[in-house]
Amino acid sequence: MNPISYATGIDRAHLGMIPCAFERAWTREEAVMEKWKPKGEVTKGEAFILKRLEKKRKLFGFLRRHRNEIFDEAFQSELEEMYRDTGAGSDPVPPALLAMAVIVQGYLGLSDADAVDATVLDLRWQLVLDRLGETDPAFSQGALQGFRERLIAHDMDRRLLERTIEFARATSEFDWKKLPKTLRVAIDSSPLEGAGRVEDTINLLGHAGRKVAECAAELLGWPLEQVCREARAPLLAESSVKKALDLDWSDPAQKASAVKSLSVELENLKGWLGSQLVAEMKKPPLQAPLKTLAELMSQDLEPDPGGGVKIRDGVAPDRRVSVEDGEMRHGRKSKSKRFNGFKRHIATDLDSDLILAGAITPANRPEEEAAPELKRDIELLGRDIAELNIDRGYIASPLVDEVLGTGGQVVCKPWVARNGNSFAKGAFKINLRDRTITCPAGETEHIEFGSVVEFDPEACDRCQLRASCTAASPGTGRTVAIAENERLQQKLRKLQKTRAGRAKLRERVAVEHRLAHIGRRQGRRARYRGVRKNLFDLRRACAIQNFETIQRKAA
Ligand code: SF4
C-alpha cells in the first residue's frame, strides 16, 4: 500500500518532538506517513528488561513480543485511513505507535502528560515502543489527544478491541480451533460514576450561571466581577452561591427566598446579554453554556403560586445532574444504592473468555438499551450468537427475540412474581398453547400476552380459597399479569428448576468476573466526560483485558 501524503505546513509544532527515524519522511513539499516498523528480534538490552517483567506488569513483555503481529501491515493501513480525510494538520507519528501508547497508557492508568514523560523516563514504555535509549519524547501531549479523538471519530476504538480477537484467532498461543463456531455470549453491566461534579439545585444553577458570565467576560475582555455587576447578578461573581448568600439552609423559608433571588439574577444576566451580546448568544462559545443554563432552569425550577419560582416538586424526567458532563444521570444499583453517571456494559464470549463488545449508557437508562450497540459490534465479528446469557434487565431487548428467532437459546433468571402471603403466579397453571390460565380452585380464564387477566369476580367471591388468593374487595376477582414474553418466562422457570439449568445460569459468573476486572482497571469514577469518550475508555480497558486473557491462556 502506498504511503499517505500530506500537504506541507502541518503540525510543525509536533515535528520537533519526533525522533529522527520519522523526521526523514518529511520534506518541504510533502509529508509522508511511514508505517511503524519496530524490530522483531530481542536485543540483549531488551532481554534484560523482559526478564525483570516476568513477574510484574507482564503485559509489557507480551506487547513487546507480539507488537509486530498486533500491528501488522493491514491494521496499520486501517489506522492510517483515519488521516485520509484531514491530512493537513495531522501528526507525523506512526498511528500504530500511538495506538500502542494508548494501550499502555490505559494499562498503567496514566494521564496524557505522564504518558509523554513515560516515553523517555520509563524503560518499559521504551521497550514496547521500540525506543530504548531515546531521550526525546515519542510524541507530544497534543498528538496523543488528537490521536484519541481520531480513534473516536472513526470508531477505530471498536476496531482496536476487535483486533484483540483477531489476534487471538491468529496466534498459535490461543487454540482457537477447540472453540465452537457459534458464540455463547454473556452480557452484564456495572455502575460507572461520572467525572462531572454533582451538585444540588442551588449550586448547579449558580455554577451554570457563572459559566455563562465567565464566557461573556472572556468575549468582552472584562473581569468577571464587572460583567456580574453590570448584569445585576453579583451572586455569580462568587465562587459559591451558597457561601455568598450565607443563609440557614435548613430553614425552608430562607431556602425558598434564596432560590427566588438566584433566579432573578440569572434572568438579569440573560436579559443583559440580550442587550450586549445578542449575536454571540446564538453561536459558540456562548451558545453552549446558555443552553446548559436554560436546561437546568427548566428542569429544576417551576412557577411559585406565591410569586417568582420555586424548586420543582419531584424530579424532572432525564434530569441533568452536572454542569460539566451533560450526559451523566442519576441511576440505581439497587433499591437503596444510587449513583450518578453511567452504566458500563460488556458482552463476553463464554468459551474463549474474550470480551467482544462494550457499551456505555447514562445511568438512568434501562439495561436493554445497550443491547443494540453490543449486538452491532458482535455482528461485525461475523459470528452468530447461539446462546445468550443475560441479566433480567436485558430480557426486553430485541436481541433476545432475534436469538430465539434463529434457534438460539436464552439463559436468564425468570422474573419472580411474588404476591405477599397470597398465591403467587406460580400457583396458577398457564397453558400457552390454549392461551388459558387455571387457578388453584380450578377456574379457567383466557389470556392475552402483555395484559392482566381477571378471574370471574362471582367465582372469586364464593371461592373457599379466596383468603389465600386475593385481598381485593368483594366484587373484584383475582388478577394475574401475563408478560409479553410469557412463553420465554415459562421456559426460563423450567430451566431454573433443573440441576443442568441452574448450572447453565451460573455460567454468567464469568462476565461478572470480567466486569470486576474492568472496574478495577478503570476505577470507580469515569476518566472522561460524556458517553462517547467513556466508551473509548471502556473499549480500551476491554482490549487490555483480552490481551491479558490471551497471555494467561498461553502461559
Ligand atoms: S379466589 Fe378466584 S382466582 Fe383465587 S383460587 Fe379462588 S376462584 Fe381461583
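The numbered conditions (1) farther than 17 Å from GLN489 by Cβ; (2) within 16 Å of the ligand (Cβ to nearest atom) are all true for THR406 except (2).
Taken over the range 204-228, residues that are among the charged types (D, E, K, R) and closer than 25 Å to ARG320 by Cα amount to 3. Kindly indicate whether any position in the range 502-518 is at pLDDT 95 or above, among the β-branched types (Val, Ile, Thr) and either within 16 Å of the ligand (Cβ to nearest atom) or farther than 24 Å from LEU356 by Cβ (or both). Checking the range 502-518: not a single residue is at pLDDT 95 or above, among the β-branched types (Val, Ile, Thr) and either within 16 Å of the ligand (Cβ to nearest atom) or farther than 24 Å from LEU356 by Cβ (or both). If the condition is being of a type in the set (S, T, N, Q) and not assigned by TED's automatic domain parsing to the domain that holds LEU98, then the range 129-188 contributes THR164, THR171, SER172, THR182. For the range 413-436, how many residues are near the ligand (Cβ under 9 Å from one of its atoms) and over 30 Å from ALA503 (Cα atoms)? Total satisfying the criteria: 1. All of ALA459, ALA441, ALA417 fail the test of being within 38 Å of the chain's Cα centre (by Cα) and either modelled with pLDDT of 95 or more or not in a helix (DSSP H, G or I) (or both), apart from ALA417.
Under the condition of being surrounded by fewer than 17 Cβ atoms within 10 Å (Cβ to Cβ) and either of a type outside the set (Gly, Ala, Ser) or in contact with a Ser or Thr (Cβ under 8 Å, 6 or more places away or on another chain) (or both), the residues counted in the range 243-255 number 8. Residues that are surrounded by 14 or more Cβ atoms within 10 Å (Cβ to Cβ) and more than 9 Å from the ligand (Cβ to nearest atom) were ranked within the range 438-453; the one that is farthest from ALA481 (Cα to Cα) is THR444.
Scanning the range 284-314 for residues that are at pLDDT below 95 and more than 16 Å from SER263 (Cα to Cα) yields ASP313, GLY314. In the set ILE18, ILE103, only one residue is crowded, with 16+ Cβ neighbours inside 10 Å, out of contact with any strand residue (DSSP E or B) (no Cβ under 6 Å at 6 or more places or on another chain), β-branched (Val, Ile, Thr) and modelled with pLDDT of 95 or more; that residue is ILE103.
Taking first residues from the range 254-270 that are over 13 Å from ALA208 (Cβ atoms) and partners that are aromatic (Phe, Trp, Tyr), the Cβ contacts under 7 Å between residues at least 6 apart in sequence or on separate chains come to LYS255/TRP249. Scanning the range 90-130 for residues that are within 16 Å of GLY61 (Cα to Cα) and assigned to a loop (DSSP other than H, G, I, E, B) turns up ASP122, LEU129, ASP130. When SER263, SER250 are checked against the criterion of being of a type in the set (Gly, Ala, Ser), assigned by TED's automatic domain parsing to the domain that holds VAL212 and in contact with a strand residue (DSSP E or B) (Cβ under 6 Å, 6 or more places away or on another chain), a single residue qualifies: SER263. Assess whether ARG502 counts as being closer than 29 Å to ALA168 by Cα and either without any contact (Cβ under 8 Å) to a residue 24 or more places away in the chain or in a loop (DSSP other than H, G, I, E, B) (or both). Spelling it out, it is not the case that ARG502 is closer than 29 Å to ALA168 by Cα and either without any contact (Cβ under 8 Å) to a residue 24 or more places away in the chain or in a loop (DSSP other than H, G, I, E, B) (or both). When we screen LEU277, LEU236, LEU286, LEU290 for residues that are farther than 22 Å from VAL321 by Cβ, under 34 Å from the mean Cα position of the chain (by Cα) and not β-branched (Val, Ile, Thr), the only hit is LEU286. Scanning the range 307-352 for residues that are under 30 Å from GLU162 (Cβ atoms) and in a strand (DSSP E or B) yields ARG329, GLY331, PHE339, GLY341, PHE342, LYS343, ARG344, HIS345, ILE346, ALA347, THR348, ASP349.
Collect the residues in the range 462-471 that are assigned to a loop (DSSP other than H, G, I, E, B) and either near the ligand (Cβ under 9 Å from one of its atoms) or under 21 Å from ASN431 (Cβ atoms) (or both), keeping them in residue-number order. Listed by number, the residues that qualify are ARG462, CYS463, GLN464, LEU465, THR470.
The values are calculated or read from the model by the stated rules, or taken from the named source; none is laboratory data. In this text the structure is predicted, and so the values were computed from the model without any measurement. A quick note on method: Cβ atoms are made from the backbone with ideal geometry, for glycine too, and the neighbour counts reach across all protein chains shown.
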